[in-house]
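I have placed the structure first, in the form of structure tokens, so that the comments after it can refer back to it.
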Amino acid sequence: MNLTLSDEQRALQETAADFLAAHTNARKEVDVDAELWSRIVELGWAAVQVPEELDGLGLGPVELVLLMEEMGRRLARTPFLANVVLAQTALLQAGSAEAQQGALAALAYGERTATLILGPGLDAAPASLTVKARRDGEGWVLAGEAAQVLDDGLLTHAYVAARIEEAPGVALFELAVDAAGLSRTPLEVWDLTRPQACWRFDEVRLTADARVDDPTRVLAGLARTRVLAALQVAAEQVGGAAQCLQLAVDYTKERVQFGKPVATFQAVKHRVAEMMVRMETARSTVRGVAARVAQGAQGNGLDDAALAAEVAAARVQATEAYRYCAQEAIQLHGGVGFTWEYDPQMHFKRAQWASQWCGATSGWREALAAHLLDAA
Amino acid sequence: MNEQEFRQEVADWMATHLAGRFACLKHRGGPGDEEAFPALRKEWEQELAAGGWVGLGWPREHGGRDLPLALQLAFHEEYVRAGGPGRIGHIGETLMAPTLIALGTPEQQRRFLPGIREGREYWAQGYSEPGAGSDLAAITTRCWQDEDGRWRLQGQKVWTSLAHESEWIFVVARSTPGSVGREGLSFLLVPLDQPGIEIHPIRQMTGEAEFNSVFFDGAATEADCIVGKPGEGWKVAMALLGFERGVSTLGQQMHFIHELQLVIDVARANGAARDPAIRQRIADAWVGLQGLRYNGLRMLEEDTSSTKVRPEALIYKYAWSNWHRELGQLAMDVIGVAGDVRSDDDAVRRLQQVFFFSRADTIYAGTNEIQLNIIAERGLGMPRG
């Protein structure tokens with residue numbers, strides 16, 4: 001297996017790094033960054049994983065990983081995660097052919113910006129879905145509450161995984177955010193770069209064609225969506241960890257104590273080196289797993305259990321690396337590391353956010369343990 | 001050649017040859033288990049050589065097969081998957097030979113490479129000294145040339161793995177009297193079986209003795225047994241260390257997979273697999289192994305666009321040695337109180353060795369602390385003190 005990036009992949013990564021360094025500012029006192037988002041769409045990044053036959057760029061998980069790493073590094077405030085990683089992936093994995101035909105290009109080129117609603121923290125297990133669907137003649141009625149939805153105010157649409165009341169099962173619905181009966185209440189989040197809202201569905205009526213899943217694969221498809229999203233969140237975590245390391249290195253080289261830069265102290269060197277070990281290991285795993293997934297997409301087999309195991313490795317490594325690096329960046333900044341004025345606190349909050357969404361590491365570990373230990 | 005076919009060829013060969021009298025070697029040998037069947041493992045080296053499996057990456061003009069990296073890697077993986085024993089000839093094959101191919105004279109290449117490739121001559125590494133661990137610049141072993149041009153050596157080397165099983169040792173010694181640091185060192189090839197050399201085993205905490213102290217008291221070697229010029233030994237030594245990381249690291253991981261599987265087998269057999277904390281740690285061990293694997297693959301990727309120090313290569317030793325030490329502790333926690341007794345069960349005994357021997361993993365080839373300094377200074381550009 002070859003992990004060498006192609007020239008095109010390298011170019012994409014460099015473009016993303018340069019563009020985001022110049023155009024992001026996670027400290028902006030605004031809730032949304034519509035301009036940044038529209039420029040990202042113009043660059044084609046929202047089209048990377050859409051197949052060519054559906055008018056996308058036909059690239060895959062490796063390209064997404066490279067983009068997500070750079071966005072994580074800059075804490076870019078855009079609907080990329082909601083729109084591309086979640087909504088598009090759900091349509092690709094669980095959507096009907098007709099729904100894909102209409103929607104994917106719209107999501108890729110900015111005609112539509114969507115989020116995905118699963119259980120809390122992107123839990124795809126049917127039992128955790130809190131929105132219920134009931135048949136209403138030819139159409140459907142959605143009711144219930146999704147307590148925490150990724151919603152930065154730029155959305156036009158949402159894909160909602162709901163439990164069907166009459167016949168037990170799960171369906172995926174598409175609706176516009178101005179649907180009657182839908183209310184969205186922004187929440188006071190700690191991580192200001194990842195806005196959330198509480199969505200209430202008060203008898204939201206939908207026509208029959210709002211149901212967009214392929215019933216034969218909706219359950220497995222949503223589960224796979226969560227796993228693939230976890231890999232992309234892991235990439236974002238790696239980018240954040242890399243930035244924490246960079247911040248710590250830069251600051252300790254500048255900061256003088258006892259007549260020397262603190263970067264000359266072995267105790268400090270060992271801490272940043274440890275950060276690098278964890279971050280680079282996580283990066284290797286995330287990129288390796290993405291390459292493995294891309295290979296699997298070409299028909300080289302990666303069943304659901306194997307995919308989940310591979311992603312678990314990326315997920316656990318990245319979560320711990322980001323938490324560790326964010327915590328260490330605060331410590332290595334000394335007193336100012338605890339202030340609002342310096343960036344480590346923003347990464348610390350994002351690291352905490354990321355550690356819970358897509359499932360905590362203990363759950364990923366237990367699933368892995370079952371895979372390793374409980375097989376007949 | 002197609003990789004899948006090559007893998008099948010290796011697997012078939014291993015299945016046929018690692019059998020009969022060699023069957024007892026499966027999964028034996030390697031760090032922490034070097035005392036296992038040394039004589040038979042040398043015969044195994046010759047078996048491997050006869051099969052054409054030594055020197056896979058060497059150039060053809062030196063008797064190698066010049067195989068691409070992917071196939072060398074495939075060989076290592078299939079070798080270990082089949083239970084191939086720890087290679088008693090690895091210092092010669094993976095350190096001495098590449099150094100001679102890169103920096104040796106044509107005469108040295110003709111003299112030494114065939115012995116290495118055919119499993120006839122074994123090599124030990126004479127770098128460390130009692131007063132100089134990772135600090136090779138503090139070397140005090142002296143060497144000088146007699147009137148007849150022969151080199152003589154005086155001093156002591158330590159932690160020389162398998163010196164008692166080897167014919168030759170390569171030694172970094174100080175050839176310029178009064179020189180300090182990296183200056184004035186020379187790189188000599190020295191026959192071990194001579195009156196001026198004494199080899200004393202060092203008993204390890206495992207009770208075994210795969211390391212030695214080697215004492216040189218006027219030991220001699222021929223005038224042309226120097227690699228590079230007198231005084232340029234540092235350069236040669238560093239080039240050699242550069243060969244230490246490479247495809248063999250991925251073979252090492254297959255040993256690790258085997259060891260983790262032994263832990264899983266024990267946990268399932270004795271019920272530890274039901275303990276939620278043990279389950280989390282076993283999962284974590286698997287996660288860590290994936291990290292090593294993908295990091296190793298990334299290390300071998302072909303990136304001609306970058307001349308920067310490769311971070312994944314810098315962190316590798318630190319990462320695997322810590323992982324392995326953790327695995328040893330996990331294994332003992334899974335084994336439980338039965339771990340207090342030297343086990344007759346091969347699998348449990350192997351895990352006991354891992355537990356004790358892995359204390360050395362974070363010390364040899366550069367301690368954790370030295371590794372972290374290297375990572376910080378070379379990988380992150382942190383200033384020296």
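Here is a list: A:Arg283, A:Arg350. Which entry is within 14 Å of chain B (Cβ to nearest Cβ), charged (D, E, K, R), crowded, with 18+ Cβ neighbours inside 10 Å and out of contact with any strand residue (DSSP E or B) (no Cβ under 6 Å at 6 or more places or on another chain)? So that I can check it myself, show each step before the final result.
Details: A:Arg350 fails: within 14 Å of chain B (Cβ to nearest Cβ).
Residue meeting the stated conditions: A:Arg283.
Please verify whether B:Ser175 is open to solvent by 10 Å² or more (accessible area, probe 1.4 Å) and more than 30 Å from B:Asn373 (Cα to Cα), treating the condition exactly as stated.
Values: open to solvent by 10 Å² or more (accessible area, probe 1.4 Å): yes; more than 30 Å from B:Asn373 (Cα to Cα): no.
Considered against the rule, which asks whether it is open to solvent by 10 Å² or more (accessible area, probe 1.4 Å) and more than 30 Å from B:Asn373 (Cα to Cα), B:Ser175 comes out as no.
Scan the range A:235-245 and give yes if some residue there is of a type in the set (Asp, Glu), assigned to a helix (DSSP H, G or I) and within 12 Å of another protein chain (Cβ to nearest Cβ), otherwise no. It would help to see each step written out before you state the result.
Here is the first cut: in the range A:235-245, the residues of a type in the set (Asp, Glu) are A:236.
Still in the list and also assigned to a helix (DSSP H, G or I): A:236.
Now drop any that are not within 12 Å of another protein chain (Cβ to nearest Cβ), which leaves none.
There is no residue in the range A:235-245 that is of a type in the set (Asp, Glu), assigned to a helix (DSSP H, G or I) and within 12 Å of another protein chain (Cβ to nearest Cβ).
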Open item on the list: Going residue by residue through the range B:131-145, is there one that turns out to be over 19 Å from the mean Cα position of the chain (by Cα), outside any strand (DSSP E or B) and in contact (Cβ under 8 Å) with a residue 60 or more places away in the chain?
Closed with: yes
Open item on the list: Looking at the range B:57-72, can you tell me whether even one residue there is over 30 Å from A:Leu3 (Cβ atoms) and either more than 18 Å from the chain's Cα centre (by Cα) or at pLDDT below 95 (or both)?
Closed with: yes
TODO: Would you mind telling me which numbered condition in (1) within 16 Å of the chain's Cα centre (by Cα); (2) open to solvent by 10 Å² or more (accessible area, probe 1.4 Å) A:Gly58 fails?
DONE: (1)
Task: Single residue of A:Pro215, A:Pro261 found to be open to solvent by 10 Å² or more (accessible area, probe 1.4 Å) and away from chain B (no Cβ under 13 Å) - done: A:Pro215
Open item on the list: So A:Gln356 passes all but one of these: (1) surrounded by 19 or more Cβ atoms within 10 Å (Cβ to Cβ); (2) touching a residue at least 12 places away in the same chain (Cβ under 8 Å); (3) farther than 30 Å from B:Arg378 by Cβ. Which condition number does it fail?
Closed with: (1)
Open item on the list: Can you pull out every residue in the range A:189-210 that is open to solvent by 90 Å² or more (accessible area, probe 1.4 Å) and closer than 23 Å to A:Thr24 by Cβ?
Closed with: A:Trp190, A:Leu192
Open item on the list: What pairs come out if I take residues in the range B:58-70 that are more than 17 Å from B:Leu297 (Cβ to Cβ) and in contact (Cβ under 8 Å) with a residue 24 or more places away in the chain and pair them with residues that are open to solvent by 30 Å² or more (accessible area, probe 1.4 Å) and of a type in the set (A, V, I, L, M) whose C-beta lies under 7 Å away, six or more apart or interchain?
Closed with: B:Trp58/B:Ile101; B:Pro59/B:Ile101; B:His62/B:Ile101
Open item on the list: Exactly one condition in (1) closer than 30 Å to B:Glu77 by Cβ; (2) assigned to a helix (DSSP H, G or I); (3) not aliphatic (A, V, I, L, M) is false for A:Gln101; which is it?
Closed with: (1)
Open item on the list: Given the condition farther than 26 Å from A:Ser6 by Cβ, open to solvent by 10 Å² or more (accessible area, probe 1.4 Å) and within 12 Å of another protein chain (Cβ to nearest Cβ), answer yes or no: does some residue in the range A:309-322 qualify?
Closed with: yes
TODO: Looking only at the range A:176-186, decide whether some residue is assigned to a loop (DSSP other than H, G, I, E, B), at negative phi and exposed (fewer than 15 other Cβ atoms within 10 Å of the Cβ).
DONE: yes
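The values are calculated or read from the model by the stated rules, or taken from the named source; none is laboratory data. Since the model is a prediction, treat every value here as computed from it, not as a measurement. All Cβ positions, glycine included, derive from the backbone under ideal geometry; neighbour counts span all protein chains shown. The accessibility values were calculated without ligands, DNA or RNA, using every heavy atom of the protein model including side chains. Shrake-Rupley method; radii C 1.70, N 1.55, O 1.52, S 1.80 Å.
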